[in-house]
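J.: Before we start, here is the structure in question, set down as structure tokens.
The values are calculated or read from the model by the stated rules, or taken from the named source; none is laboratory data. Values in this document were obtained by computation on a predicted structure and should not be read as measured data. Virtual Cβ from ideal backbone geometry, glycine too; neighbours counted across all protein chains shown. Side chains are part of the model used for accessible areas, which takes the heavy atoms of the whole protein and leaves out ligands, DNA and RNA. Shrake-Rupley method; radii C 1.70, N 1.55, O 1.52, S 1.80 Å.
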Amino acid sequence: MNIIESKKIWLSSPHMGGTEQKFVKEAFDTNWVAPLGPNVNGFESDIEKYLGESVYAAALSSGTASIHLGLKLLEVTTGDEVLCQSMTFSASANPITYLGAKPVFIDSDRDTWNICPNQLEIAVKDRIAKGKKPKAIIAVHLYGMPYNIEAVHKVASEYRIPILEDSAEALGSSYQGIRCGTFGDISILSFNGNKIITTSGGGSLISKKKEHRDKAIFWATQSRDNAPHYEHSEIGYNYRMSNITAGIGRGQMEVLDAHVANRRRNFEFYKNNLESSSELKFLEEPSGYYSNRWLTCIETSSYELREKIRLSLADENIESRPLWKPMHQQAVFADCDAYLNGVSDDLFDRGLCLPSGSNLEEEDLYRIVSIIKNILR
Ligand SMILES: Cc1ncc(COP(=O)(O)O)c(C=O)c1O
């Protein structure tokens, strides 16, 4: 088929609910066009209510900024080591380096594709034996699937190492009924354009401690001390969320549950239509896990088949993408140590993310599966 004739299908595009512009208009009408105001406060309180568990939220300019300030709150500093899930987006690991610390990467497990508790424990023991106790652990709920919370937190608490929970992809996911974004000593969310809800760009730092939230906001607003003039006793950042984008976030919170339902519907559709093939596998939810199914991913039987599906979809103007390339394979982190079991290398070779937007039409889904079925036939 000719690309000019076929409608573009994106991997995960923004999906407005309808009331976002009302909140943005209010900001204009009341001249709260600044990185503070009623939408910022309202969005934070919406997030806190949604997550439950008595958490405090600081709305920031991105998920990356939230990880940066989160690690700073965990007192990560020059010369420290931070253990980080290898299979993730680079933004999970980059902020470690902003603080002059060094990432040490940990491979994934097969059940969740997230940080492997066994490799984690091996790494913790080995780093301690080498004379350097890791300062923090970054665990990620990739594609919305919660990491193995019990086993990972058991290791963390046994060795008294705090967890930064990267929940950028997992707003709406939960484990044993408790929402992702509330498990870490510090947790973060992302509202980038491709996420389950978006503010166009934005993020949030979450903590059960009010002093964490307050300190994050202090740093995010240039560390301005309490004085009539501009007085600074600490280095600051310009990381606060704008009242305009927070308005988009308030509208998006109203449709979050619907977005989760649609993304889970996408997963079920793909699974029902494709699971009979022995060439494809889907990641199931272990008992007690609930994934927002941010992206539906398939494991193909070979690299060649994965590429064939990806390129055939691209020919039809449909975006798909290999799974995250593990950080231990990235040139930028070539000098970092890693504790590996082969899982993330294998998933990267054979895994593919399928179009998963909450705004996909049924006819889009039919179009995608028919292309894949043709290849499998
Ligand atoms: C796992 C993960 N961590 C962190 C981030 C960073 O979030 P942001 O793009 O809001 O900076 C993202 C998404 O972009 C992500 O997918």
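J.: Residues in segment 17-40 that are more than 14 Å from residue 199 (Cβ to Cβ), open to solvent by 70 Å² or more (accessible area, probe 1.4 Å) and either part of a helix (DSSP H, G or I) or within 16 Å of the ligand (Cβ to nearest atom) (or both): how many?
T.: Within segment 17-40, residues that are more than 14 Å from residue 199 (Cβ to Cβ), open to solvent by 70 Å² or more (accessible area, probe 1.4 Å) and either part of a helix (DSSP H, G or I) or within 16 Å of the ligand (Cβ to nearest atom) (or both) number 5.
J.: Condition test on residue 281, is it at pLDDT 95 or above, away from the ligand (no atom under 16 Å from the Cβ) and among the charged types (D, E, K, R)?
T.: On the way: at pLDDT 95 or above: yes; away from the ligand (no atom under 16 Å from the Cβ): yes; among the charged types (D, E, K, R): yes.
Spelling it out, residue 281 is indeed at pLDDT 95 or above, away from the ligand (no atom under 16 Å from the Cβ) and among the charged types (D, E, K, R).
J.: Condition check: open to solvent by less than 70 Å² (accessible area, probe 1.4 Å) and free of Cβ contacts under 8 Å to residues at least 40 places away in the same chain. Does residue 314 satisfy that?
T.: Yes.
J.: Would you confirm, using the coordinates I've provided, whether residue 108 is of a type outside the set (A, V, I, L, M) and either surrounded by fewer than 24 Cβ atoms within 10 Å (Cβ to Cβ) or not assigned by TED's automatic domain parsing to the domain that holds residue 139 (or both)?
T.: No, not satisfied.
J.: Of the residues that make up segment 41-51, is at least one crowded, with 16+ Cβ neighbours inside 10 Å, over 21 Å from residue 169 (Cα atoms) and touching a residue at least 40 places away in the same chain (Cβ under 8 Å)?
T.: Taking every residue of segment 41-51 in turn, at least one turns out to be crowded, with 16+ Cβ neighbours inside 10 Å, over 21 Å from residue 169 (Cα atoms) and touching a residue at least 40 places away in the same chain (Cβ under 8 Å).
J.: Scan 305, 256, 295, 274 and give me the residue that is crowded, with 22+ Cβ neighbours inside 10 Å and either free of Cβ contacts under 8 Å to residues at least 24 places away in the same chain or of a type in the set (A, V, I, L, M, F, W, C) (or both).
T.: Going through 305, 256, 295, 274 in turn, the sole match is 295.
Every residue, every condition in (1) in contact with a helix residue (DSSP H, G or I) (Cβ under 8 Å, 6 or more places away or on another chain); (2) not in a helix (DSSP H, G or I), yes or no:
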position	(1), (2)
194	no, yes
201	yes, yes
213	no, no
219	yes, no
229	no, yes
234	yes, yes
262	no, no
270	yes, no
287	no, yes
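J.: Of all the residues that make up segment 183-211, how many are near the ligand (Cβ under 9 Å from one of its atoms), surrounded by fewer than 22 Cβ atoms within 10 Å (Cβ to Cβ) and farther than 22 Å from residue 17 by Cβ?
T.: Looking only at that region, the number is 0.
J.: Oh, and also: Any idea which residue in segment 168-182 is surrounded by the fewest Cβ atoms within 10 Å (Cβ to Cβ), counting only those that are in contact with a Pro (Cβ under 8 Å, 6 or more places away or on another chain) and in a loop (DSSP other than H, G, I, E, B)?
T.: Once the filter is applied, the top-ranked residue is 173.
J.: Just checking, how many residues over segment 212-225 are within 16 Å of the ligand (Cβ to nearest atom) and over 18 Å from residue 138 (Cβ atoms)?
T.: 1
J.: State yes or no: is residue 6 of a type in the set (Ser, Thr, Tyr), within 15 Å of the ligand (Cβ to nearest atom) and not in a helix (DSSP H, G or I)?
T.: no
J.: If you don't mind, there's one more thing I want to ask. Would it be correct to say that residue 358 is at negative phi, outside any loop (DSSP other than H, G, I, E, B) and of a type in the set (Ser, Thr, Tyr)?
T.: no
J.: Can you list the strands (runs of 3 or more DSSP E) found entirely within segment 47-166 that contain at least 1 residues being within 12 Å of the ligand (Cβ to nearest atom)?
T.: Strands (runs of 3 or more DSSP E) meeting the threshold: 56-60, 81-85, 136-140, 163-166.
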